[in-house]
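As structure tokens, the structure follows; a few thoughts come after it.
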Amino acid sequence: MNVPEFGGNRYNGVKLDFSAALNPLGIPPSVKKAIAENKQRWADYPDPDCTLLRKKLSVYENIPPENIVCGNGGDDLIFRTICALRPKKALVFSPCSGEYSRALEQFGCNTMNIRLSAKKNFTVTSEITEFIDSETDMIFLCNPNNPTGEVITPYTLSIIAEKCRRTDTVMVCDERYIDFIYRGEKYSAKNCFGSRIIIIKSFTKIFSMAGLPMGYALCGDEKTAEKIKNAGRIYSVSGAALAAAEAAVKAEKFLKMSRKYVAVERNHLAEELTRLGLPVFPSKTCFLLFQCELPLDKLLLKKGIRIKNCSESYDLDDGYFRISVRMKDDNDILIETVEKILQTY
């Protein structure tokens, strides 16, 4: 069996999986309890409108429930957004997840991929507004970006949002990793929310619910939300995922603990990789992008450790790798193994 592109820590002898960017603290205890106590919902048809969850999210996000669409994870909502709005011309800015381009191409969209500058740490700047014009139907921004972990500054985001407003361009902001950031709300597109803005969020990453995918879209326009909702399957979210998400919305203490833990371990990993002479890009979320001239992914895989080769998934050259933050003992094993490999080669 081939190791899946995402995750796969149980295949081919992989003991430690640093490729899946999930909360190292796992699923919150309150969520586990909700899943166990709601087994009947596993058998029943789920609420197709996700009514209770949308009410809870409305309070949590301070967005009307009519402007919220729930789906089977972030990728599901990206596909549904494109399916609903059918853009003819769209912009993506790499390095970023290939999911945007794949979805756009499936719906016949002319996609322009703008390469960000490595000298500027692949950061999105206001310079990208030069590519947005009246013929641009949609742009995708990932904030914080995957695989770099860097954020778009609030000022830059406001400039891009204003350009999109003037050109009547839909700005889709993928904020699936923003909950890992302390006071991450200041970086959110909600601060420049408007009728042409769609924000994609997810429980999968911050609550480590990869097996129970659950995401939601915040739409600046109620009609847009209705279109996205109708573009997907009627029962897009399982009863188990709904029970888990309804409990997760209230897990504020767990969120605070997770942000603190991830920040400490991320900084530790960055310091150790830098000590080993490997260039590390600045990150504010649960993973790090770094460079190594060796085929480090293949060498680590021989040791039972899996990392992400970014040339395969993120339109980067060879030598770029992404690692997620895991528990301290695991992170120490990774650094120790990388150091031995560098000393050997």
Cα-Cα longer than 22 Å, checked against 205/250; 227/284; 32/250; 186/227; 186/253, kept in input order, equals 227/284; 186/227
About its Cα centre, region 29-248 carries a charge dipole, from +1 on Lys and Arg Cβ atoms and -1 on Asp and Glu Cβ atoms, whose size in debye to the nearest 20 is 260
Summing -39500 (n - 2.57) over every DSSP H run of at least 4 residues in the chain and dividing by its residue count gives a helix-only mean residue ellipticity at 222 nm, to the nearest 500 deg cm²/dmol, of -11000 deg cm²/dmol
Cysteines of the chain without any disulfide-compatible partner (other Cys Cβ under 4.7 Å) are 83, 96, 109, 142, 164, 173, 192, 219, 286, 292, 310
By the mean-Cβ-within-10 Å protection proxy, highest first, 260-271, 105-116 rank as 260-271, 105-116
Of the convex hull drawn through the C-alpha atoms of region 29-248, the volume per residue in Å³ is 112
Applying the span-like rule to the chain (DSSP H, Cα extent along axis at least 18 Å, Kyte-Doolittle mean at least 0.5) gives none
So, relative contact order of region 29-248 in percent, Cα under 8 Å, 6 or more apart, is 31
Using alpha carbon centers only, region 312-333 is separated from region 149-204 by a whole-angstrom value of 25
Ordering 34-44, 231-241 by per-residue average of other C-beta atoms within 10 angstrom, highest first, gives 231-241, 34-44
Rounded to two decimals, the Rg over Rh value of region 44-151 from Cα coordinates and the Kirkwood Rh reads 1.03
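Every number here is computed from the coordinates shown, using simple stated rules; none is lab data. This one's a predicted model, so the numbers in the text were calculated from it and none came from an experiment. Please note: Cβ atoms are built from the backbone with ideal geometry, for glycine as well, and neighbour counts cover all protein chains shown.
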